[in-house]
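Chemist: Have a look at the structure that comes next, please.
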Amino acid sequence: MNQVLKKRLKNLKDIPGVYLMKDQQGEIIYVGKASSLKSRVSSYFYGKKADSKTFILSLNIKDFEVIPVASEAEALILENQLIKKYQPKYNVDLKDGKSYPLVKLSAGDYPSISVVREIERDDKSVYYGPFTDAKLLREIVRFIRIYYPIRNCNKDIEKSSSKVCTQYHIKKCSGPCERKISKDEYSWLILGIKAFFEGDYKNFENLLKKWLDDAVGRLDFEEANEIKKRLFLLDRMKSKFPLRSEKELLSYGETNVLEKLTKTLNLKKIPYIIEGFDVSNITGTFATAAKVVFKGGFSDKSGYRKYKLCFNKNIDDYRMIEEVLERRFLSEKDIQVPDLILIDGGKGHLNVATQVLRKLKLEIPIISLAEENENIYTQLNKEPIILPDDSPERHLLERVRNEAHRFALSYHRRLRVKNVKVFFLDDISGIGETRKERIKQAFPDITSLVKTDLDKLKEIGIPSIAAEEIIRRAKKFWG
């Protein structure tokens, strides 16, 4: 094995993903998935081979490629897609008659879920797969049923008069055999499971929100409450199994943006975890910052953080970046250190952030992305890196930057609404303490002042010229 391969194996991380094994000609001869790319890929080059097939495969491996993903569930589905696309020589082919595990949703008003090996003829059931890992697939199905408790039995619900079983009592089944759940409610559970296997969370979420609006419009608050529960469970599912749609996941796998980004930025390791930071303030007031996290090229909202900054004097992005990074790495030591930090800004912002990391003795690659021209600044290059408009690496970095900006700005706006002290009323001619109190009582937050008109302010005794200035300042403050 050459030194380049040894170095790449050494720099692999214990992260979930898919790996592509290639022969001398660069042809993909095997596709596999792993919960730990480091240990799984290394096993083909080091240690005892489990069987003759793996031994023969290892003799023909001359290169490899890894595709980090956000979860083991994504790895399972992407592996399936890439095997179908590339038909690798050493993957057990579907044509050889070997049965692969599939997920089956039976037909009827109350479908059951099961892992099967064959598709039945003339069957109206819905099948997902085939997949290569029956054990992992069963674990995923068991986990899904915590959030979407549909039955896993083969009872004929329409004819059976049986009682609920243990699955109902341990909350893995919603009890359709005793009609503990309506057909409509059960259909929501089925749609949730389909959304999972089809990577269609977004459309399912939009559908639930539409149903919620319809239920509220009909004043059916009981149904609205049930739909709210579904939305809550969907959020929990997304945090446990971050899944892109099949089209998105395949596109991500084909571009392999994280490996490309590793080369573009000359990083030692794949930036599996990227943390993006942005700061927000208006004339030094309500200074806030935000951190977003991307894992495997996908946003991980469980890692998002908001910061109300102590520094509140004038506008100084550099001081605010310094504060937020110090707080992140001094008070959040138990959180996994990222593989890459992205700062919204230019070379000056990068220099400040780099000084903070040096002071904290942290060796974490860090870059900044300037919104103007989308220049990428690094400590390794004197000149900025400029990527083409259609570059997948650029698109990923832009998503991280834009999400950090969105999150920081939304927090900043919430603070402005919640904590308004109407200090912008100071120095307005004709506005003393008495009139300030009247304004505070009549207009509890900035948005109400932004939306008001002169007549409303006149009604509480505010002179016309002063009222115009109040509305002008409120709109400027709201941004």
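Chemist: Among the numbered conditions (1) more than 23 Å from PRO384 (Cα to Cα); (2) touching a residue at least 60 places away in the same chain (Cβ under 8 Å); (3) not hydroxyl-bearing (Ser, Thr, Tyr), tell me where ASP220 comes up short.
Modeler: So ASP220 meets the others, but not (2).
Chemist: Considering only residues of region 137-168 that are modelled with pLDDT under 85 and among the β-branched types (Val, Ile, Thr), which is farthest from LEU78 (Cα to Cα)?
Modeler: Here the residue is VAL164.
Chemist: Turning to a different aspect of this structure: How about region 102-115: which of its residues are surrounded by fewer than 18 Cβ atoms within 10 Å (Cβ to Cβ) and at pLDDT below 90?
Modeler: ALA107, GLY108, ASP109
Chemist: Could you list, in sequence order, the residues of region 226-250 that are within 20 Å of GLU72 (Cβ to Cβ) and at pLDDT 80 or above?
Modeler: If the condition is that a residue be within 20 Å of GLU72 (Cβ to Cβ) and at pLDDT 80 or above, then GLU248, LEU249, LEU250 are the ones that fit.
Chemist: Here's a follow-up. Among residues belonging to region 300-310 that are surrounded by fewer than 18 Cβ atoms within 10 Å (Cβ to Cβ) and either over 27 Å from the mean Cα position of the chain (by Cα) or hydroxyl-bearing (Ser, Thr, Tyr) (or both), point out the one that is modelled with the highest pLDDT.
Modeler: In this case the residue turns out to be TYR304.
Chemist: Here's something else I'd like to know. Would you please name the residue that is surrounded by the fewest Cβ atoms within 10 Å (Cβ to Cβ), looking only at residues in region 76-91 that are within 17 Å of GLU139 (Cβ to Cβ) and out of contact with any Leu (no Cβ under 7 Å at 6 or more places or on another chain)?
Modeler: Across region 76-91, the extreme among qualifying residues is ASN80.
Chemist: Residues being surrounded by fewer than 16 Cβ atoms within 10 Å (Cβ to Cβ) and at positive phi: count how many of those fall in region 154-207.
Modeler: Total meeting the criteria: 2.
Chemist: Modelled with pLDDT of 85 or more and in contact with an Asp or Glu (Cβ under 6 Å, 6 or more places away or on another chain) - does that describe any residue in region 461-469?
Modeler: no
Chemist: Considering region 21-41 alone, what residues qualify as being in contact with a strand residue (DSSP E or B) (Cβ under 8 Å, 6 or more places away or on another chain), in a loop (DSSP other than H, G, I, E, B) and farther than 16 Å from LYS53 by Cα? Give the derivation first.
Modeler: Filtering region 21-41 down to residues in contact with a strand residue (DSSP E or B) (Cβ under 8 Å, 6 or more places away or on another chain) leaves 21-23, 26, 28-34, 37, 40-41.
Filter once more, keeping what is in a loop (DSSP other than H, G, I, E, B): 23, 26.
Within region 21-41, just GLY26 meets the criteria.
Chemist: Kindly evaluate ILE56 against the criterion of being aliphatic (A, V, I, L, M), assigned to a loop (DSSP other than H, G, I, E, B) and modelled with pLDDT under 85.
Modeler: no
The values are calculated or read from the model by the stated rules, or taken from the named source; none is laboratory data. No experiment lies behind these values; they were computed from the predicted model shown. Cβ sites come from the backbone with ideal geometry, for glycine too, and all protein chains shown count toward neighbours.
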